[in-house]
1. Can you say whether A:L90 is at pLDDT 95 or above, within 18 Å of B:Q33 (Cα to Cα), under 14 Å from the mean Cα position of the chain (by Cα) and not in a loop (DSSP other than H, G, I, E, B), as far as the supplied structure shows?
2. Sort through A:K55, A:K71 and tell me the only one that's within 14 Å of chain B (Cβ to nearest Cβ), basic (K, R), out of contact with any Asp or Glu (no Cβ under 6 Å at 6 or more places or on another chain) and more than 29 Å from B:P8 (Cβ to Cβ).
3. Take the conditions within 26 Å of A:R36 (Cβ to Cβ), in contact with a helix residue (DSSP H, G or I) (Cβ under 9 Å, 6 or more places away or on another chain) and touching a residue at least 12 places away in the same chain (Cβ under 8 Å) and apply them to B:K108. Does it pass?
4. Report the residue count in the stretch B:14-34 for those that are in a strand (DSSP E or B) and either away from chain A (no Cβ under 13 Å) or in contact with a His (Cβ under 9 Å, 6 or more places away or on another chain) (or both).
5. Being within 9 Å of chain B (Cβ to nearest Cβ), hydrophobic (A, V, I, L, M, F, W, C) and surrounded by 16 or more Cβ atoms within 10 Å (Cβ to Cβ), is that true of even one residue in the stretch A:99-110?
6. Give A:D28, A:D59 a once-over and let me know the one that is of a type in the set (D, E, K, R), in a loop (DSSP other than H, G, I, E, B), under 18 Å from A:S93 (Cβ atoms) and modelled with pLDDT under 95.
Amino acid sequence: DVKVTQSSRYLVKRTGEKVFLECVQDMDHENMFWYRQDPGLGLRLIYFSYDVKMKEKGDIPEGYSVSREKKERFSLILESASTNQTSMYLCASSLSNRVVYGYTFGSGTRLTVV
Amino acid sequence: GQQVMQIPQYQHVQEGEDFTTYCNSSTTLSNIQWYKQRPGGHPVFLIQLVKSGEVKKQKRLTFQFGEAKKNSSLHITATQTTDVGTYFCAGTTSGTYKYIFGTGTRLKVLA
């Protein structure tokens, strides 16, 4: 079974802090994604990556950046956390960008910014 | 930009009743996927539909992709308490593997 592991289940950070959310997948997937999930808004794509060192903006990239130095790891960075970034963050991966596959999601990180 | 809407947002049913959620896209999709998220859990991939008019079944779940490839539905026959959760559709247009998720339908099944 593919595993997508997110480093923290719960995080509490202060406004203005720099926050790192880590995601690791163990099945050599090419594509990795960061979503945030908010009640009534579904899942919204923040950033995605289809290869090492490659990244593309999703629908709501403002206030976030990402890093993919190794194929298995995709990090989401909140440069200066704000209270409106309190949310559930979900990392996902999929096998290939040549053929369409379903996503495998991590368990999520619930981030609270105070 | 591309939008994917789902209705209803919430649905409460008695155990044994049927349930349907509908997904509508503002643009033509190349394929659509469905996911289930149990309370407190993360989305889990259920199925993918690719062809116009395609119908697929998984036990009591029936998935349909519209002829124009702009809508889809998920129908559950004789719901059980294990069906509780939020069901998401996710669509993509050709030339991209980036999926846009619908807003989800939260299903509650009353025993």
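1. So A:L90 passes the test.
2. On inspection, the qualifying residue turns out to be A:K55.
3. Working: within 26 Å of A:R36 (Cβ to Cβ): yes; in contact with a helix residue (DSSP H, G or I) (Cβ under 9 Å, 6 or more places away or on another chain): no; touching a residue at least 12 places away in the same chain (Cβ under 8 Å): yes.
Against the criterion (within 26 Å of A:R36 (Cβ to Cβ), in contact with a helix residue (DSSP H, G or I) (Cβ under 9 Å, 6 or more places away or on another chain) and touching a residue at least 12 places away in the same chain (Cβ under 8 Å)), B:K108 does not qualify.
4. Matching residues across the stretch B:14-34 total 7.
5. Within the stretch A:99-110 (the criterion being within 9 Å of chain B (Cβ to nearest Cβ), hydrophobic (A, V, I, L, M, F, W, C) and surrounded by 16 or more Cβ atoms within 10 Å (Cβ to Cβ)), the answer is yes, since at least one residue qualifies.
6. A:D28
The values are calculated or read from the model by the stated rules, or taken from the named source; none is laboratory data. No experiment lies behind these values; they were computed from the predicted model shown. Reconstructed Cβ throughout: ideal geometry from the backbone, glycine too, with neighbour counts over all protein chains shown.
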